[in-house]
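Some notes on the structure that comes next.
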Amino acid sequence: MIRSPFFTLHRDLPREGPGERGDVAWAAEMAGLAPDARICEAACGPGADIPALLFAAPEANLIGFDLHQPFVEDAAARFAGDPRVTIRQGRLIATEDGLPDPAALGPFDLIWCAGAAYIEGVTDCLTAWHTALAPGGHIAFSDAVYLTGSPSAAVRDNWADYPDMTDADGIAERVTAAAYRIVATRLLSDAAWEGYYGPIERRIASLRPGADAALMSVLDETEAEARIWRAHRGEFGYLLSVVTPA
Ligand SMILES: C[S@@+](CC[C@H](N)C(=O)[O-])C[C@H]1O[C@@H](n2cnc3c(N)ncnc32)[C@H](O)[C@@H]1O
């Protein structure tokens, strides 16, 4: 078991980024998902969105993957015994290490990617996933966006690790650059953010007593992130986009 401060905080959390069941239901409707759809949960983390994906497509064949083995183990344990679900280690975009990417695992009717496309870049992920889609297939992905042209210094600082973060128009440009068209977009709700920060704040409170300096620093940093969201939620959000090849 990995015992880094990051996984001490994150292990067994219900989800690793903002999201809620209604987002999945909405995206499934926008994509016209069939009950027996082939679905990829790309960078699934602990697999928070898998139950909602299965609710939308009850006879689905679903493959979830993540790069990090502790998340793979969490998700695999959660869905052990469900013949519709396979969880494995994989990558958003293939490298020479041989781990499969969506193109190697597909074809899919829907690739669902919550809060992770930014890791390789929206344009690069979408471009790489053309060959992972079945004819008529869709991708639904969420990405952090600025909601104002003049975000405060605190917000810019909060997102310093994502220098390419843009706004809704910028996402549209990236979608077009990757040869897709937007079917629909919507911003994630406050409830979706609370679904991420609520459990993590409770975990932080429980870990503070006895935390060493390294863990305390991760707890402080994550708590500060949640505070920034509560104080500045009008300045940034997550845009959920449903797209299909142009
Ligand atoms: C912000 S979390 C989102 C997880 C999940 N989709 C959710 O909403 O709970 C990003 C996830 O991407 C995974 N990840 C990071 N780099 C990756 C890569 N190159 N390929 C696949 N997964 C990756 C991380 O392990 C993490 O689970």
As an exercise: evaluate residue 41 against (1) near the ligand (Cβ under 8 Å from one of its atoms); (2) open to solvent by 10 Å² or more (accessible area, probe 1.4 Å); (3) among the acidic types (Asp, Glu) and give the number of the one condition it does not meet. (2)
Does residue 186 meet the test of being closer than 20 Å to residue 17 by Cα, part of a helix (DSSP H, G or I) and open to solvent by 60 Å² or more (accessible area, probe 1.4 Å)? no
Within segment 69-87, can one find any residue that is near the ligand (Cβ under 10 Å from one of its atoms), part of a loop (DSSP other than H, G, I, E, B) and closer than 26 Å to residue 193 by Cα? no
Here are 128, 134, 117: which of them is surrounded by 15 or more Cβ atoms within 10 Å (Cβ to Cβ) and in contact with a strand residue (DSSP E or B) (Cβ under 9 Å, 6 or more places away or on another chain)? 117
Could you list all residues from segment 110-144 that are in a strand (DSSP E or B) and within 11 Å of the ligand (Cβ to nearest atom)? 112, 113, 114, 141, 142, 143, 144
If you go through segment 11-33, how many residues are loosely packed, with under 15 Cβ neighbours inside 10 Å and either in contact with a strand residue (DSSP E or B) (Cβ under 9 Å, 6 or more places away or on another chain) or modelled with pLDDT of 95 or more (or both)? 3
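The values are calculated or read from the model by the stated rules, or taken from the named source; none is laboratory data. Model, not experiment: these values are computed from the prediction. Cβ coordinates were reconstructed from backbone atoms using ideal geometry, including for glycine residues, and neighbour counts include every protein chain displayed. These accessible areas exclude ligands, DNA and RNA; they are computed on the full protein's heavy atoms, side chains included. Shrake-Rupley method; radii C 1.70, N 1.55, O 1.52, S 1.80 Å.
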